[in-house]
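J.: First, the structure itself, so that you have it in front of you.
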Amino acid sequence: VGLEEYAWARAWAKKLMPYVPDFRAATEPGLVELPVGEAGETATASIAVCFDNGFEDLFLESAQAGADFVLLASNEAWYVESHEFDQMIALSRLWAVESGRSIVRATNSGISAQLGPRGELREKLVVDGLDRAVGGVLAVDVVVPREGTGPAPYAGRRGLVELLAVLLPWLLLALFELLDGRREVVAAA
């Protein structure tokens, strides 16, 4: 109800319920250098946790901060084999396309997978024909962008894209109404 914006309300809630997460996006990407191969090369991973998957800004900011890919560790056990698993994959696909970065999803009960920088499903953990709520290990070769590859071109113009997404249907509707009003109706004889 908005009380989470006040420090006194957060402190009071934490004393009553210290286990309740805040369900807010991370404020900055956490970057980790990982060794790649034997030549001393590294890749930069951004770390996202659980509900970060619901916030696009973290993925875009990770790409802008220099992340080569995003590692998303998520607990999706509360979904209990429902359509939310597919929704989380769909969100990850959108964020991969927007950021231009691969996303590696490691879940305890959801769908563990690698999504490429174009949103394509590259690898998925499948055990006995099932892709969700299964135990196992998925080893992947993560696709990283070429040097200097940034987010999708529209990502930096998100405000304009969102404005057009709202206004364009209304403008088209007004145009059709305007054109429809000029059509001549002739009665059949």
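J.: May I ask you to verify whether Ala77 is modelled with pLDDT under 80 and hydrophobic (A, V, I, L, M, F, W, C)? Walk me through how you get there before you give the answer.
T.: Details: modelled with pLDDT under 80: yes; hydrophobic (A, V, I, L, M, F, W, C): yes.
For Ala77, the condition - modelled with pLDDT under 80 and hydrophobic (A, V, I, L, M, F, W, C) - is met.
J.: Let me ask another. Exactly one of these conditions fails for Thr44: (1) hydroxyl-bearing (Ser, Thr, Tyr); (2) assigned to a loop (DSSP other than H, G, I, E, B); (3) at pLDDT 80 or above. Give me its number.
T.: Here Thr44 clears every test but (2).
J.: If you scan the range 68-85, which residues turn out to be touching a helix residue (DSSP H, G or I) at 6+ places or on another chain (Cβ under 9 Å), surrounded by 11 or more Cβ atoms within 10 Å (Cβ to Cβ) and under 10 Å from Gly110 (Cα atoms)?
T.: Once the filter is applied, which keeps residues that are touching a helix residue (DSSP H, G or I) at 6+ places or on another chain (Cβ under 9 Å), surrounded by 11 or more Cβ atoms within 10 Å (Cβ to Cβ) and under 10 Å from Gly110 (Cα atoms), the range 68-85 yields Ser74, Asn75, Glu76, Tyr79, Glu84, Phe85.
J.: Please verify whether Val185 is modelled with pLDDT under 90 and more than 28 Å from Pro29 (Cα to Cα), treating the condition exactly as stated.
T.: Yes; evaluated as a whole, the condition is true for this residue.
J.: If you go through the range 72-80 one residue at a time, do you hit one that is closer than 18 Å to Val142 by Cα and among the aliphatic types (A, V, I, L, M)?
T.: yes
J.: In the range 98-147, what residues are outside any loop (DSSP other than H, G, I, E, B) and open to solvent by 60 Å² or more (accessible area, probe 1.4 Å)? Explain how you work it out, then say what you get.
T.: Taking the range 98-147 as the starting set, the residues that turn out to be outside any loop (DSSP other than H, G, I, E, B) are 98-99, 102-107, 113-115, 121-124, 127, 130.
Selection gives Leu121, Arg122, Glu123, Lys124, Leu130.
J.: Since Asn53 meets every condition but one in (1) surrounded by fewer than 22 Cβ atoms within 10 Å (Cβ to Cβ); (2) touching a Leu at 6+ places or on another chain (Cβ under 6 Å), which condition does it not meet?
T.: Tallying (1) surrounded by fewer than 22 Cβ atoms within 10 Å (Cβ to Cβ); (2) touching a Leu at 6+ places or on another chain (Cβ under 6 Å), Asn53 fails exactly one: (1).
The values are calculated or read from the model by the stated rules, or taken from the named source; none is laboratory data. What you are looking at is a predicted structure, and each value in this text was computed from that prediction instead of being measured. Methodologically, a virtual Cβ is constructed for each residue, glycine included, from the backbone with ideal geometry; neighbour enumeration extends over all protein chains shown. To get the accessible areas, we keep the full protein, side chains included, count just its heavy atoms, and leave off ligands, DNA and RNA. Shrake-Rupley method; radii C 1.70, N 1.55, O 1.52, S 1.80 Å.
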